[in-house]
Amino acid sequence: MLMITCPVCGAEGDETDFHCGGQAHISRPASTDPHNVSDDAQRDYLYIRNNPKGLHREMWMCARGCGKWFHAERDTVTLEFKSYYGITESAPPSSSPNPAASKTTKKKSAGR
Amino acid sequence: MSDLQFRSALSHRRDEDLPMDLCVSLDEVSDRAMIDLRGSLDDPKFVAAATAALGVALPAQPRSSSVKGDITVLWMSVDQWLVTTPRGSEQALLSKLVKRLGNTFSFACDVSDARTIIRVSGGDARSVLMKGTSVDLQSPVVKPGWVRRLLFAEVAAACQFVHSDPDTFDVYVFRSYADYVWEWLLAVARKGARVQLYGKQEPPLV
């Protein structure tokens, strides 16, 4: 069970009281250059999501409190919500770089 | 042409006798009209206009409400309030609000017939309602004036703690759910279905 505190109204609850909007900070390629969107970029935008072991930035909505969206950093190992920030804010600089994620990236690049 | 006549969502239930073995008393509050009010608390013009029109300050604290005379203002969100007023007076209040708000970035709308209010009162009201929601209604923060939106019996609802002694809650549900919630309460509020496990427990005898 996830224990969530809404940073907007302070309502406390579990994941049934909130709605998860999935991975945060996905940029839409067509927003920057609508005439030159490669199929790969569009596919990544629509379907490719991170599945990190460790810190994950997500969008959540306080469905049974104030109805507002917010950003949260969640540890996927401990299911703990590490920090919250506003829905209009961009991703904060990572305070603790995720060792698990960087390891996977390294492996991938080595394989290529 | 026949005149439009208001019929509350549970008016057909009025004639039915409630079961004798209910541990709370149930009633429909049909004489309240509701106005949905939206705007930003950061906008002093909006706050001043709304306060002047309603005659009562907007509750800024989450999960709170304010009352002045016939008018109750319930906190719904950081930028949304539900104003309840006796039926019949809502049009006057709404036009006063709209006039005062003018062209501030705000919104006021008569939603009187969107929701139905079910009043649950009695010593067991808290434990009966807790069967339908994850919110801890035994908590000391649930005191007169407390209000919050919740998932109640699997439907979206708002709950207001009206007064204690006896504990009285107003449950606001959408009109189309009124009959379902009424049936649900009739089923779970039976004396035989009373739950003793909420709140502080005596340690077991060893």
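The values are calculated or read from the model by the stated rules, or taken from the named source; none is laboratory data. Keep in mind that this is a model prediction, so the values were computed, not measured. FYI the Cβ positions are ideal-geometry reconstructions off the backbone, even for glycines, and counts take in every protein chain you see.
If you filter segment B:58-82 down to residues that are of a type in the set (A, V, I, L, M, F, W, C) and more than 12 Å from B:Val147 (Cα to Cα), you find that the one that is surrounded by the fewest Cβ atoms within 10 Å (Cβ to Cβ) is B:Ala60.
Within segment B:52-66, the set of residues being closer than 21 Å to B:Cys159 by Cα and not β-branched (Val, Ile, Thr) comprises B:Ala57, B:Leu58, B:Pro59, B:Ala60, B:Gln61, B:Pro62, B:Arg63, B:Ser64, B:Ser65, B:Ser66. Which one is nearest to the other protein chains (Cβ to nearest Cβ) among residues in segment A:57-72 that are farther than 12 Å from A:Val8 by Cβ and at pLDDT 95 or above? Looking at the filtered set, the residue picked out is A:Met59.
Listed here are the residues, each with its yes/no results for (1) exposed (fewer than 15 other Cβ atoms within 10 Å of the Cβ); (2) within 14 Å of another protein chain (Cβ to nearest Cβ); (3) out of contact with any helix residue (DSSP H, G or I) (no Cβ under 7 Å at 6 or more places or on another chain); (4) not small (Gly, Ala, Ser).
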position: B:Pro144; (1), (2), (3), (4): yes, no, yes, yes
position: B:Ala157; (1), (2), (3), (4): no, yes, yes, no
position: B:Phe169; (1), (2), (3), (4): no, no, no, yes
position: B:Val181; (1), (2), (3), (4): no, no, yes, yes
position: B:Ala189; (1), (2), (3), (4): no, no, no, no
position: B:Gly199; (1), (2), (3), (4): yes, no, yes, no
position: B:Glu202; (1), (2), (3), (4): yes, no, yes, yes
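Counting the residues of segment B:164-206 that are touching a strand residue (DSSP E or B) at 6+ places or on another chain (Cβ under 7 Å), part of a loop (DSSP other than H, G, I, E, B) and among the basic types (Lys, Arg) gives 0.
Exactly one residue among A:Ser94, A:Ser90 is farther than 21 Å from B:Gln80 by Cα, of a type in the set (S, T, N, Q) and either surrounded by 13 or more Cβ atoms within 10 Å (Cβ to Cβ) or within 12 Å of the chain's Cα centre (by Cα) (or both), and that residue is A:Ser90.
With respect to (1) crowded, with 20+ Cβ neighbours inside 10 Å; (2) away from every other protein chain (no Cβ under 14 Å), the lone exception for B:Gly123 is condition (1).
Residues in segment B:1-40 that are surrounded by 18 or more Cβ atoms within 10 Å (Cβ to Cβ), in a loop (DSSP other than H, G, I, E, B) and not assigned by TED's automatic domain parsing to the domain that holds B:Asp167: B:Ser8, B:Ala9, B:Leu10. Among the residues examined, B:Gln80 qualifies as within 14 Å of chain A (Cβ to nearest Cβ), over 14 Å from the mean Cα position of the chain (by Cα) and under 13 Å from B:Ile35 (Cβ atoms). Count, please, the residues in segment A:1-28 that happen to be among the acidic types (Asp, Glu) and away from chain B (no Cβ under 14 Å). Going through segment A:1-28 one residue at a time, the tally reaches 0. Restricted to segment A:83-106, and to residues there that are in contact with a Phe, Trp or Tyr (Cβ under 9 Å, 6 or more places away or on another chain) and of a type in the set (A, V, I, L, M), the residue that is modelled with the lowest pLDDT is A:Ala91.
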